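Structure first, commentary second.
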Amino acid sequence: MAKKETKYIFVVGGVMSSVGKGIAASSIGKILQSRGYAIANLKADMYVNLDAGTIRPAEHGEVFVGEDGVEADQDLGNYERFTNQISTRENYVTTGQIYAEVIRRERNLEYEGEDVEVYPDIPKEIIRRIEVCQKKSEAEIMVIEYGGTVGEYQLLPFLEAARMMKSKKHADVFVVLISYLPTPALLGEQKSKPTQHAVTDLYSVGLNPDFVICRSERPATDDIKRTISNVCSLPIERIISAPDIYSIYDVPVNFEKENFGAILLKTMGLPTRKKDLADWTALAAKIKTINKEVKIGIVGKYFNFKSCKDTYISVIESINHASWGLNHKPNVIWLDSEKYEKDRSKLKELQDLDGIIVPGGFGKRGTEGMILAANYARENKIPYFGLCLGMQIMTISYARNVLGLSDANSTEMDSDTKNPVIATMADQVEKIKNKNYGATMRLGAYPCLLKDGSVAALAYGKKSISERHRHRYEVNNAYIEPLEKAGFVFSGSSPDGRLMEIAELSKNEHPFYLGTQFHPEFKSRPLTPHPLFYAFVKACISKKK
């Protein structure tokens with residue numbers, strides 16, 4: 001029997017960015033997966049950075065960490081949450097990676113003396129990377145999301161890669177255009193002209209859309225669908241409406257209401273093996289019916305640029321998953337830690353919250369306010385959850401306010417502190433000295449052993465776990481003994497006992513006061529909330545009662 005060829009779906013944007021390409025690509029993967037197909041998602045970003053690790057989260061959104069330590073675009077988090085598949089560096093491509101590899105090969109004479117050119121050598125390398133991902137994942141269908149929009153010059157080599165693939169295996173390559181339909185307030189009707197121009201831009205590089213997903217505030221009208229259908233020479237059934245919805249988890253359900261999955265498989269010449277979105281559909285319906293609220297404050301510092309939701313997207317989704325699992329809807333309050341440094345009396349507003357999260361971050365700015373917030377939460381029995389930096393913050397706070405080490409700090413914040421309860425990891429000292437910052441932190445999944453009877457062990461229900469990391473600093477081992485004698489519990493550590501992974505106070509001391517050196521938010525899923533987020537939100541609800 002002849003081997004069936006892999007199908008490739010390229011998801012590209014038109015008109016404007018940030019209209020949900022990542023969610024659309026995730027949803028396409030989800031509905032194909034629900035119909036019995038092995039899929040893999042890949043994100044291609046246009047920037048020349050080798051990865052997302054050195055980009056400010058307030059500028060570009062969260063840096064998502066894969067199982068193998070890849071620092072990637074936040075869309076890999078969407079892929080994981082929707083398809084429950086693990087992302088690695090094979091699922092993430094940047095212009096910087098492509099050029100770096102082409103130049104490396106040229107220096108090694110791997111082009112056998114030929115001149116190396118942008119066309120065709122850059123698109124060929126892009127194609128090679130897509131095929132590497134397919135082979136590793138053994139995907140029957142690859143869903144490749146291109147960052148940016150058609151018409152941008154940075155995207156041209158990537159569009160050319162899609163065109164070259166389509167020219168060789170025409171029946172196996174498909175293009176999905178995500179385009180925005182504006183509705184001018186004075187007119188009150190949707191306009192398709194921007195989408196028509198996006199289609200023209202695709203035509204200009206030798207591609208035509210096989211599907212057009214119409215993003216808009218309201219469902220696309222039949223007239224708009226007919227217009228776009230005529231312009232693209234596509235059956236009207238391939239013009240898919242994607243209006244604003246209650247939650248991102250509605251998107252696969254809405255796509256199925258448009259019969260997108262069946263039409264997509266029919267277009268690709270593939271049979272439907274099964275159809276099972278039952279659990280997902282039930283969750284999407286449940287979310288809309290929840291009335292009880294839990295109020296959670298995020299005390300951070302990346303609030304002054306783009307959307308906070310992009311900066312902390314995995315944290316927000318983890319709160320959502322746990323809250324929904326406990327039949328509550330979260331009300332997330334954004335609290336800039338710097339205001340507490342200027343006026344400590346404002347800490348009183350924390351008393352109105354059901355719980356507090358101090359998320360990850362880098363640099364000194366705002367950390368003194370976080371330390372004040374952590375101490376207020378401890379003294380006033382407000383559930384506190386510290387993520388990475390948030391664990392370091394609670395450790396510093398405890399050392400200052402319980403051990404009496406008033407100058408306790410992290411060497412990241414004060415390199416001359418006399419009490420460095422948080423210190424630079426041994427393998428990071430030379431890297432920082434030499435300004436070797438990119439992809440050099442402790443990254444990816446590492447094992448952790450839990451203490452019997454601890455809050456963490458009870459939450460996980462097991463003694464050994466694996467979680468993803470992204471940090472350069474750790475608890476200074478010289479301070480472990482005095483901290484523990486004072487009641488601070490290190491309930492999770494590396495198997496060799498050298499690295500402290502989880503810190504907490506016992507249930508007798510506090511309803512929930514726990515921090516992790518790792519990032520549990522990267523492993524939460526809508527149908528399976530992360531155990532620690534679940535335990536935290538449960539404590540928040542108990543405080544509310």
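Laid out as a table, the results:
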| read-out | value |
| --- | --- |
| Spherically averaged projected area in nm², based on the convex hull that wraps the Cα atoms of the stretch 290-544 | 13.2 nm² |
| The chain: calculated mean residue ellipticity at 222 nm from DSSP helix runs of at least 4, using -39500 (n - 2.57) | -11000 deg cm²/dmol |
| Sequence of Ser241, Ser87, Ser318, Ser345 once ranked by neighbouring C-beta atoms within 10 Å, starting from the fewest | Ser345, Ser241, Ser87, Ser318 |
| Rel. contact order, % - alpha carbon contacts under 8 angstrom, at least six apart, the chain | 15 percent |
| Packing-based ranking, highest mean first, of 288-296, 325-333, 466-474 given that Cβ atoms within 10 Å are counted | 466-474, 325-333, 288-296 |
| Per-q log10 I(q)/I(0), the stretch 216-283, q = 0.13, 0.18, 0.29 Å⁻¹ (Debye; single scatterer per alpha-carbon; no solvent) | -0.44, -0.79, -1.25 |
| Neighbour-count ranking [beta-carbon atoms within 10 angstrom, fewest first] of Tyr384, Tyr534, Tyr111 | Tyr111, Tyr534, Tyr384 |
| Most to least packed among 397-404, 263-270, 511-518 [average Cβ atoms within 10 Å] | 511-518, 397-404, 263-270 |
| Per-residue ³J(HN,Hα) for the stretch 55-62, Karplus 6.51 cos²θ - 1.76 cosθ + 1.60, θ = phi - 60°, Hz, x for Gly and Pro | 8, 4, x, 5, 8, 10, x, 4 |
| If the convex hull is drawn through the Cα atoms of the stretch 216-361, its volume per residue in Å³ | 165 Å³ |
| Unit charges on C-beta of K, R, D, E only; dipole of the stretch 7-283, Debye | 920 debye |
| Neighbour net charge for Thr95 - beta-carbon separation under 12 angstrom, K R +1, D E -1 | -4 |
| Around Leu277: net Lys/Arg minus Asp/Glu count, Cβ-Cβ under 12 Å | +1 |
| Under 9 Å, Cβ to Cβ, from Ile541 - net charge with Lys/Arg +1 and Asp/Glu -1 | +4 |
| Relative packing of peptides 26-32, 176-182, 5-11 - highest average C-beta neighbours within 10 Å first | 26-32, 176-182, 5-11 |
| Fraction of alpha-carbon pairs over 16 Å apart in the stretch 12-70 - percent | 59 percent |
| Kirkwood hydrodynamic radius of the stretch 341-393, Cα pairs, Å | 11.2 Å |
| Packing-based exposure ordering (other Cβ within 10 Å, fewest first) of Met391, Met16, Met500, Met413 | Met16, Met413, Met500, Met391 |
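Throughout, read-outs are computed from the coordinates displayed, never taken from laboratory work. Values in this document were obtained by computation on a predicted structure and should not be read as measured data. Here Cβ is always computed from backbone atoms with ideal geometry, including for glycine, and neighbour counts include all displayed protein chains.
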